[in-house]
Amino acid sequence: MNDYLLSVILGIIEGLTEFLPVSSTAHLRIAESLFHISLGDGYWKMYTIVIQLGAILCLPIYFRTRIVKFLSTFPNGENGDRTALTHPLGLTIVAFLCTAAPAFLLTKVIGKHLESLTIIGSSLLVGGIVMWIVDAMNSKAEAQGPNAAGSRIHTWRMEAMSLGQAIWIGACQVLSALFPGTSRSMSTIAAGQIAGMSRAAALEFSFFLSIPTMVVATCYDLLKSLRGRDANPIGVTQIDAHGWVVLAIGFVVSFIVAYAAVAWFMAWVRKRGFAPFAMYRIVLGILVLIYSARLTS
């Protein structure tokens, strides 16, 4: 396949799946298998990092108004009842640290799992079932709204989150690093809902938590690749003009598609919930497991 067309396709896949609870890692690994390319190759490994950065960039731009508001109200919050730890920015950093430390210590374990279609398929399947159950548990409370008595949802806005909720969500996000196919978005959204957050609040915190998590993770991977600490390192000087164009196409496509996906997803979830994404994960997980079994038979 033409490299430019392949770059467009991979950019679309990354942009669509990075922030939806369906796992971009799983979809890129499936694409690698279907298109017979090695995303573990030095150049294509760098390519996946570049398109991830393109997707990440859409978040601070999309949420720029909220970010400016949070910065202006730090550390006391808009109602003056917050501290540096319990302000939304502080909670984001706390959740990030709860994820980053264990994930960094388990990098060797994580690396062994990245290429396994069996683990990816199982993670998609199990994650889909968990997401479906959790969303169903909250659906009645979501329909009743914040004024209903005895509701299992007690946090309707990200600004009202507690320190305990942030720590819990950060700890659950480690699962997405350990088991490719789990999805950062799925683990943080489901964890938030279990902790009593509404769909919208859990989703918004998931997006904010993605910013430091993905920036650090992708920059770390890029640094390892450039400094030759990966199995297949690549230096910038090795990339020719054709390679730079392919990278640029993937970056731009990923950014545009991710921005549109985030805007659409925010509107969708407020009205309809996560059940369709859970069903998609379950079906895709089963198909990946069948495909993996045929490859190994």
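The values are calculated or read from the model by the stated rules, or taken from the named source; none is laboratory data. In this text, all values refer to a predicted model and were calculated from it rather than measured experimentally. Cβ coordinates were reconstructed from backbone atoms using ideal geometry, including for glycine residues, and neighbour counts include every protein chain displayed. All accessible areas refer to the heavy atoms of the entire protein, side chains included, with ligands and DNA or RNA removed. Shrake-Rupley method; radii C 1.70, N 1.55, O 1.52, S 1.80 Å.
Note on the chain: with charges restricted to the Cβ of Lys and Arg (+1) and Asp and Glu (-1), its dipole about the Cα centre is near 500 debye. Ranking of R29, R152, R157 by solvent-accessible surface, largest first: R157, R152, R29 (1.4 Å probe, protein heavy atoms only, all chains present). Sum up the charges of everything whose Cβ sits under 10 Å from the Cβ of S198, counting Lys and Arg as +1 and Asp and Glu as -1, but leave S198 out. Neighbour charge sum, excluding S198 itself: +1.
When the alpha carbon gyration tensor of the stretch 40-107 is reduced to an equivalent ellipsoid, its three semi-axes come out at 32, 18, 5 angstrom, largest first.
Cross-link partners for K69 among the aspartates and glutamates, with Cα-Cα distance under 14 Å and sequence neighbours closer than 8 places in the same chain left out: E78, E159. To put it simply, the accessible area of the chain at a 1.4 Å probe is 68 percent carbon and sulfur.
Hey, if we sort R270, R199 by accessible area with the 1.4 Å probe, largest down, what's the order? Could the numbers behind the result be given before it?
Details: R270 140, R199 25 Å².
My answer, sorted largest first, is R270, R199.
Take the chain with all the other protein chains still there, run a 1.4 Å probe, and you get 46 Å² of accessible area per residue.
Once the Cβ-Cβ distance between A149 and D41 is put in as r, and R0 is 41 Å, what FRET efficiency do you end up with, to the nearest 0.05? Please report the intermediate quantities before stating the final value.
On the way: r = 58 Å, r/R0 = 1.41.
Efficiency, rounded to the nearest 0.05: 0.10.
Note: relative contact order over the chain, using C-alpha pairs below 8 Å and six or more positions apart, is 36 percent. Taking 7 Å steps out from each Cα toward its Cβ at A293 and S139 produces label points 2.9 nm apart. Only the Cβ atoms of Lys and Arg (+1) and of Asp and Glu (-1) were treated as charged; on that basis the dipole of the stretch 124-235 about its Cα centre amounts to roughly 120 debye.
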